[in-house]
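Here the structure is laid out as structure tokens; the discussion comes afterwards.
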Amino acid sequence: MNKKLSLQKWRSAASKRFPINRLRNFYLLVFTTILILFAEVANQTTNAQQISIISTGKEGIWSKEKANNWYKKQPWLVGANFIPSNAINQLEMWQADTFDPILIDKELGLAQGLGMNTMRVFLHDLAFQEDPDGFLKRLDTFLSIAKNHHIRPLVVFFDSCWDPFPKSGKQHAPKPFTHNSGWVQSPGQQALKDSNQYSRLQNYIQTVVSKFRKDERILGWDVWNEPDNMTGPSYEKVEIANKVDLIVPLLRETFSWVRAVHPIQPVTSGIWVGNWSSDETLKPIEKLQLEQSDVISFHNYDSAAEFEKRIVFLQRYGRPIICTEYMARPNGSTFQTFLPVAKKYGVGMMNWGFVNGKSQTIYPWDSWTKVYTSAPELWFHDIFNTDGTPYKKEETMFIRSILKTQDSKHL
């Protein structure tokens with residue numbers, strides 16, 4: 001058979017079944033499909049590489065030099081953990097029906113009068129979920145009020161303390177004579193156990209940080225308060241045994257979520273209990289907190305000697321140090337005993353409690369197991385009565401004195 005003739009017949013037959021334009025379009029479709037498949041594979045590989053980079057936990061962490069240069073530009077940071085006296089918890093502070101800018105302005109004015117220049121303030125994921133736009137506007141309002149009083153807050157996202165079952169809407173009345181009887185965790189236990197909700201938590205974190213990532217009114221981001229706190233006698237019977245196991249990877253992700261937005265403010269999470277004398281004695285979650293923090297933060301409610309020892313332990317990291325919780329008068333943790341030590345070492349300070357109100361933190365932690373029928377003679381936390389008068393005049397005079405005499409730059 002003539003091969004040339006046979007090929008011509010095949011082409012002639014093919015052209016009748018598949019006109020040349022259709023045949024060209026068919027090949028083009030196949031080629032395009034192959035390119036799309038290659039691109040999809042490449043994109044998946046890139047995404048996997050990005051996830052891998054995030055999971056290392058190293059991207060975006062400030063160098064020691066950057067952190068210390070930032071800290072040198074700050075005044076001696078002294079303030080309190082702030083919630084207005086009319087709010088029992090974070091939800092009551094931030095929800096539209098109970099957000100009270102007039103009271104916030106009044107009480108931050110008291111802080112300015114003491115010479116305080118910062119406040120640590122807690123947000124809540126459910127307040128954001130219920131009303132994202134309104135929540136952002138209220139936070140912006142709070143920041144404007146704070147700025148008017150020369151106060152730059154440290155903003156806290158998550159918290160593992162107290163009630164693990166937060167509910168948005170109207171909050172219950174305080175349990176009489178009980179310390180923090182209405183404070184709620186964020187995220188709550190149900191969200192913590194449900195990984196399907198983590199994308200919601202990520203959106204909350206990144207929306208807030210994106211909105212304020214270049215806002216000089218914010219001092220920094222505290223991603224998780226006492227993440228391994230199991231709530232002691234208050235709620236330990238309803239806590240889940242693997243709570244910390246769930247929090248560790250989510251805490252790492254939370255650091256990554258914040259840093260992925262590239263804020264100009266430093267990021268931290270404070271350690272609070274344990275043996276910090278060496279890296280070998282740290283719990284895994286403490287190592288994570290310290291490794292991920294641009295600025296080291298910690299809590300201490302013990303004696304002044306123990307407070308100083310903890311500062312010395314943390315100096316080995318070569319980063320700025322801020323004590324974001326202290327001041328429990330019956331424990332010997334007071335302004336007069338702690339602030340001079342902090343000033344000596346250049347450590348920022350934020351005491352727990354400000355104005356006595358619905359949080360009832362003038363009562364001690366043991367009010368969950370011991371019956372109180374009246375206010376204790378020695379307040380546990382808080383500085384002012386609701387009318388703005390100080391609990392102890394000699395105390396507020398001391399705070400004004402030490403903050404007035406301190407240099408504008410402490411290092």
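The values are calculated or read from the model by the stated rules, or taken from the named source; none is laboratory data. Computed from a predicted structure; not experimentally measured. Glycine also receives a Cβ, built like all others from the backbone with ideal geometry; neighbour counts cover every protein chain displayed. Protein only, heavy atoms only, side chains kept; ligands, DNA and RNA dropped before computing areas. Shrake-Rupley method; radii C 1.70, N 1.55, O 1.52, S 1.80 Å.
Would you mind computing, in nm to one decimal, how far apart the modelled labels at ASP387 and ASP366 are, each placed 7 Å from Cα along Cα→Cβ?
3.1
Could you put SER186, SER374 in order of accessible surface area, largest first, with the 1.4 Å probe and the full protein assembly present?
SER374, SER186
Which trypsin sites (Lys or Arg not before Pro) in the stretch 228-332 sit in a loop by DSSP (not H, G, I, E or B) and have at most 15 other Cβ atoms within 10 Å of their own Cβ?
LYS237
Relative to the present Cα-Cα distance, how much length would full extension add between GLU65 and LYS175 at 0.36 nm per residue of separation?
Going from the current span to full extension adds 34.9 nm.
Dipole magnitude of the stretch 262-353 about its Cα centre, charges +1 at Lys/Arg Cβ and -1 at Asp/Glu Cβ only, in debye to the nearest 20?
Roughly 220 debye, rounded to the nearest 20.
I need the phi-derived Karplus couplings for the stretch 381-388: 6.51 cos²θ - 1.76 cosθ + 1.60, θ = phi - 60°, integer Hz, Gly and Pro marked x.
Going residue by residue, I get 10, 6, 10, 10, 6, 5, 7, x Hz, with x marking Gly and Pro.
Tell me, what is the per residue accessible area of the stretch 253-371 in Å², probe radius 1.4 Å?
33
Only residues of the stretch 336-362 count here: report those whose backbone N is under 20 Å from the spot 7 Å along Cα→Cβ of HIS150, or say none.
The answer is 343, 347-351, whose backbone nitrogens lie closer than 20 Å to the label point.
Give me log10 I(q)/I(0) at q = 0.13 Å⁻¹ for the stretch 345-405, Debye formula, one equal scatterer per alpha-carbon, no solvent.
Results for the stretch 345-405 at q = 0.13 Å⁻¹ read -0.42.
Which GluC sites (Glu not before Pro) from the stretch 331-406 combine a DSSP loop assignment with at most 13 other Cβ atoms within 10 Å?
When the GluC sites (Glu not before Pro) of the stretch 331-406 are filtered for loop state and at most 13 Cβ neighbours within 10 Å, GLU377 remain.
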